[in-house]
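What follows draws every value from the coordinates through simple rules; no lab data is involved. Since the structure is predicted, the reported quantities are computational estimates derived from the model, not experimental observations. Backbone-built Cβ (ideal geometry, glycine too); neighbour counts: all protein chains shown.
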Amino acid sequence: MSACTPNAEELWQDYQDRLERVLEQSLSSKTTPSDVPVFVPPPKRRWLDAQVNISLLQLAKIAQCSLGRLIAEHNNSLGKVAQPSQRLAYQLNFIRLAPECIASLNKAQSDEAALRSVLQAERQAKIGSAMQDLHFMLEQDSTLRQKLVPGHGLDSRQPLGGLSETQLAFNVLLTLKQAIALADWEKLNTESVEQALGELHRSDLIAGYMLSLAQSLTALEGLNQELSQAKGFLCQPGRNKNRQEILLNVLNKVFIGRLQPFLGALDTIQFELGPALLDLYTGTAYEAQLQFYFGELPDSAMTRLKAAIKEHIALWQQLQQSCRMELAPGSAGGEQATSQE
């Protein structure tokens, strides 16, 4: 992001500074996200990997099967560093490939019958842990962990940059979870998971959204509290209305002209990404964090922000009513408010 491109914190600070200059008093709101929960990432854990308990002779019997090649490659990689997504891919591909290989073994031959039993038991064990294995990947993958730490606020001029790509990437992961939940093993596509993670690695949208939402929520809730108590905000009988006219121009130029489009972009991100993210991370250690940033519960961030926006608009309506003024048509560019007196 360019240093000259305003982010959420700078937009709110500019708005606050302008209001302070007109009111000639300090508004103590802060744009650091101090009034939002602090979510600690889940601890890093290691995948407890184990070799399939079959001999080299047994492995040779299934060497022509896709499963046999998968097991051989996996056994050769034991002890080496592998990404959680690669470990998950092995588990799921084992489940998908095992039936065909098992069917090729001769039940009439005792050694092949024993191998069938081993592979069937291993497949059932992996089926039983498949959802847990997916959750492990969602919590431990380095790219996903990085993207779920609020940081690098959104570019206010292009806040929706990368939204469609990010949405597609998370939908791929959600499709995988749905296939696991339905035991639809033929629909597993582990290659698309790596592609999705690669796309997410290039995107800072989620982290930027969370920071910008936290900053906007804290700033607006603070400003509402300060403006509701600010001296000289409302018109007084018999007093000059110049101050209030200037305040309305600040509202038009900064809040309506700059901040509302940015807040609308935050709402769009929450609407487009929220359902998939909440479904995907249900049951993981990130569930509470994503419910706060993307959910619609009474104490979720977007619910609070929408309430704060309504309160902010109500404050300005009180100002207009106290002065019997209304915004002139087309005044969003900064034209003066008009008096009805």
How big is region 126-196 by the Kirkwood estimate over distinct Cα pairs, in Å?
-> 13.8
Magnitude of the charge dipole, the chain, Cβ model with Lys/Arg +1 and Asp/Glu -1, debye to 20 | 380
On Cα atoms only, tilt of 84-104 relative to the major axis of the chain in degrees | 40
Taking the chain, the lysine pairs whose C-alpha atoms sit under 20 Å apart (8 or more places apart or on different chains) add up to 13
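Give me the dipole magnitude in Debye, nearest 20, for region 263-316 about the Cα centre, with unit charges on the beta carbon: positive for Lys and Arg, negative for Asp and Glu. If you can, show how the numbers build up before the last one.
Working: 3 positive and 7 negative charges, 39 e Å.
Its charge dipole is roughly 180 debye.
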Tilt, helix 8-23 to longest principal axis of the chain (alpha-carbon atoms), in degrees rounded to tens, equals 10
Listed residues Tyr281, Phe294, His312: farthest to the positive end of the dipole of region 255-320 (Cβ charges) = His312
What list of whole percents do you get for P(r) of the chain, with Cα-Cα distances grouped in 20 Å bins up to the one holding the largest distance?
-> 26, 39, 22, 10, 3, 0
Take the alpha carbon atoms of region 224-294, find their center, do the same for region 137-170, and report the distance between the two centers in whole angstrom.
-> 22
